[in-house]
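The values are calculated or read from the model by the stated rules, or taken from the named source; none is laboratory data. Values in this document were obtained by computation on a predicted structure and should not be read as measured data. Because the Cβ atoms are built from the backbone with ideal geometry, glycine has one as well, and the counts that use them run over all protein chains shown.
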Amino acid sequence: MAGGVQINEGDYNSEINVIPLVDVMLVLLIIFIITIPVVTKAVKVNLPTNINQPTETKPENINLSVDFAGNIYWNDNSMTMEQLPTFVRAEAIKDPQPEVHIRADRRVRYQYVGDVLMVLQRNGLLKVGFIAEPPMGG
């Protein structure tokens with residue numbers, strides 16, 4: 001009793017106060033209930049169909065084909081990826097620029113077509129289109 005305040009052992013509450021824990025857990029539960037449906041929903045997109053106007057085949061158009069193995073054909077002439085930029089630069093300086101029609105095998109890896117598109121873009125050919133077969137029975 002030197003300081004005038006006496007603390008007894010019975011004054012301490014030795015139980016854990018769980019009310020703040022329950023409050024925090026309820027808030028987290030509400031946040032998860034609200035956000036999970038937003039994360040799991042897929043964006044609905046109407047994909048285009050390939051019912052388009054037929055392309056006009058002009059002699060100056062370039063037919064660029066990519067087969068299943070990734071081989072590149074410039075107007076039916078085989079070439080390597082290293083040779084492609086030279087041909088592209090030669091066509092890019094023309095005015096008006098010719099259109100490039102890319103025909104790719106349906107089983108080709110997307111990487112091969114992406115590499116061809118990158119070479120076309122980096123070397124200045126801007127008019128690029130994809131050739132697809134019309135749907136069966138239509």
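When each of 124, 129, 114 is tested for being of a type in the set (Gly, Ala, Ser) and more than 21 Å from the chain's Cα centre (by Cα), the lone residue that passes is 124. Which one is nearest to residue 68 (Cα to Cα) among residues in the stretch 81-110 that are assigned to a helix (DSSP H, G or I) and touching a residue at least 24 places away in the same chain (Cβ under 8 Å)? The qualifying residue nearest to residue 68 (Cα to Cα) is 84. Checking each residue of the stretch 49-62 against the condition of being surrounded by 12 or more Cβ atoms within 10 Å (Cβ to Cβ), aliphatic (A, V, I, L, M) and modelled with pLDDT of 90 or more gives no match.
For the stretch 79-138, residues that are surrounded by 11 or more Cβ atoms within 10 Å (Cβ to Cβ) and acidic (Asp, Glu) total 4.
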